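Student: My questions will all concern the structure given below.
The values are calculated or read from the model by the stated rules, or taken from the named source; none is laboratory data. Given the structure is predicted, the values throughout are model-derived calculations rather than measurements. Reconstructed Cβ throughout: ideal geometry from the backbone, glycine too, with neighbour counts over all protein chains shown.
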Amino acid sequence: MIKNFLAIIAIFFSVVGFAQKTNSSPYSYFGIGDEVSLKSVEEMAMGNVGGVLDSEYRLSLSNPATYASLLWTTYVFAGGNRVTNFDDGNDSQTSSHASFTYIAMGIPIRGNQGLAFGLQLNSSVGYSLLDTKFDDEDELVQTNLYEGKGGTNRVFLGYAYKFPFNLNLGFEGAYLFGGIDNSILNRRLNVQYATKHKVNSYVTGFEFKAGALYKHDLANAMNIKLGASFTLAHDLTQKGDEYLISLDNTSNEIAIPRDTLYSNNLKSTVKYPMKTALSAGFGKQNVWFLGAEYTFRDALDISGTHFDEQNGYQYLKSSMVSVGGFYTPKFNSIANYWERLTYRAGFNYKKTGLEIYDTVINDYGISFGVSIPMGLTLSNVNLGFELGQRGETTGNLLKENYFNFRLSLSLNDKWFRKRVLN
């Protein structure tokens, strides 16, 4: 148990200590990047249903009220790989990237309380686009290379309490931070110098979430669950520096900087309205479950030096509908290992709230997965798969067809056992 705990802590600090490329989508250019699903691999395998998934030995990341249901100390870490095919209506291209997504720990307290903390990937930026222009004789006269990388992370701490009448209440606070770099390299035919516009920025802010979970027990170990979580309105501040640099306009892929033509300090604000998630589920404890979740939020408000200079896009109200469930043939089977596997499936439809040149960007996907027990313990290896599509080719935009593979380890142990013999 101590060895596992020390391994988790080592991974935590190693992840904090380096930046990772977490995206390869042009849509990550907008705002502070693509929002990452703040859910566990098990929840994402069920179409992102998670607000009512309380468990004695599984850590749910959707609703802080679920922390009070833990009876085992649980530590989890996860990563994944995304393969995306980009289609502009004429040509297509495929790219992939792998990333670490979260590490967390849940600790039960006195059987009716729970504490959880961890680190999550919050948003991601990653793109590289080349725009070319030709003259009437089909000679290349200008290129613009758009590049971006970075994103934000989320460190959180949550607490929940279970009341005697099957009601859990939970609260969570988080600190968000991360760096984002964007640049545009412009080259023109027969011009001695190229120019590069760079924006290097850092994002910080706090976020608070409250949640509730109610379970009504029925006959034959059946139950109905209702959940709600509210991410309160909050602001993120983006500060940084803007540069315009001249470079040697050579044929080399990496141009040599010459002079700084312009520099300026930037400060922008992203205002997030309250985000609400309402969940409901029905099932038999540790055997099967079917649930649905509806998440919605008003439009983001972005303003400041950096965002005021951009146009062509805006944010609208966003929402997501999710449906999913799981099935375990016999979770406590000793004779047949395969009966202890948990199978998951679901789908979701998301209005991202992003509108580009009058085209609303929507996202939908189907997902499935399996949880594989590690021996006779409650620990699991969790696999998740998702097929989805985002955007469309109208208005000179891109349609993304993607495949997500996700992997997590969920390790369990009993802490603070009472001595049986003195």
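Student: Looking only at residues that are farther than 30 Å from residue 235 by Cα and of a type in the set (A, V, I, L, M, F, W, C) in segment 283-299, which one is surrounded by the most Cβ atoms within 10 Å (Cβ to Cβ)?
Tutor: Across segment 283-299, the extreme among qualifying residues is 289.
Student: Follow-up question, since we're still on this one. Applying the selection to segment 55-74, what residues are crowded, with 24+ Cβ neighbours inside 10 Å and at pLDDT below 90?
Tutor: Within segment 55-74, just 58 meets the criteria.
Student: So which residues in segment 303-362 are touching a Pro at 6+ places or on another chain (Cβ under 9 Å) and among the small types (Gly, Ala, Ser), if there are any at all?
Tutor: none
Student: Right, here's the next one. Taking segment 312-345 as the search range and keeping residues that are under 25 Å from residue 33 (Cβ atoms) and part of a strand (DSSP E or B), which one is modelled with the lowest pLDDT?
Tutor: Restricting to residues being under 25 Å from residue 33 (Cβ atoms) and part of a strand (DSSP E or B), the top hit is 313.
Student: Would you point out which residue out of 159, 175 is over 19 Å from residue 66 (Cβ atoms) and either within 28 Å of the chain's Cα centre (by Cα) or crowded, with 17+ Cβ neighbours inside 10 Å (or both)?
Tutor: Details: 159 fails: over 19 Å from residue 66 (Cβ atoms).
The conditions single out 175.
Student: Among the listed residues 132, 143, 204, which satisfies the condition of being in a strand (DSSP E or B) and either free of Cβ contacts under 8 Å to residues at least 24 places away in the same chain or out of contact with any strand residue (DSSP E or B) (no Cβ under 6 Å at 6 or more places or on another chain) (or both)?
Tutor: 132
Student: Now for a separate question. Exactly one condition in (1) closer than 17 Å to residue 291 by Cβ; (2) in contact with a Ser or Thr (Cβ under 7 Å, 6 or more places away or on another chain) is false for residue 361; which is it?
Tutor: Residue 361 satisfies every listed condition except (1).
Student: Select from segment 242-278 the residues that are among the hydrophobic types (A, V, I, L, M, F, W, C) and either assigned to a strand (DSSP E or B) or modelled with pLDDT under 80 (or both) and list them in ascending order. Before you say what the answer is, go through the steps one by one.
Tutor: Within segment 242-278, the first condition is being among the hydrophobic types (A, V, I, L, M, F, W, C), and the residues that meet it are 244-245, 247, 254-256, 261, 266, 270, 274, 277-278.
Within segment 242-278, 244, 245, 247, 254, 255, 256, 261, 266, 270, 277, 278 qualify.
Student: Still on this structure: If you scan segment 316-351, which residues turn out to be within 30 Å of residue 297 (Cβ to Cβ) and without any contact (Cβ under 8 Å) to a residue 40 or more places away in the chain? Working first, answer last.
Tutor: Restricting attention to segment 316-351, the residues satisfying the condition of being within 30 Å of residue 297 (Cβ to Cβ) are 316-326, 344-351.
Selection gives 317, 318, 319, 321, 349, 350, 351.
Student: Has segment 363-386 got at least one residue that is outside any loop (DSSP other than H, G, I, E, B), over 17 Å from the mean Cα position of the chain (by Cα) and farther than 30 Å from residue 57 by Cα?
Tutor: no
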